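J.: One structure is given below, represented as structure tokens, and several questions about it will come after.
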């Protein structure tokens, strides 16, 4: 597909057969990709936070076990 981009985020299409619905579909596809990217970033952040919590709990449990170790 031939495209020419200007300063805006939406490319100017040179293909005369492109319908307005196709442009809307392209915008929807971009939004879906952005939402998927955001969801993946959130999952990674949640995994990191969870790992930090488990690490903190493990340290606490180790210190507590050491106190009762004779």
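J.: Measure off 7 Å from each Cα along the Cα-to-Cβ vector at residue 30 and residue 58, then give the distance between these two points in nanometres to one decimal.
T.: 4.4
J.: What FRET efficiency comes out for residue 68 versus residue 42 if R0 is 30 angstrom and r is the Cβ-Cβ distance? Round to the nearest 0.05. Numbers along the way, then the final one.
T.: Working: r = 39 Å, r/R0 = 1.31.
So the FRET efficiency works out to roughly 0.15.
Just so you know, all these numbers are worked out from the coordinates, no wet-lab data involved. None of the values given here were measured: they were computed from a predicted structure. Quick reminder, even Gly has a Cβ in these numbers, built from the backbone with ideal geometry, and neighbours come from all protein chains shown.
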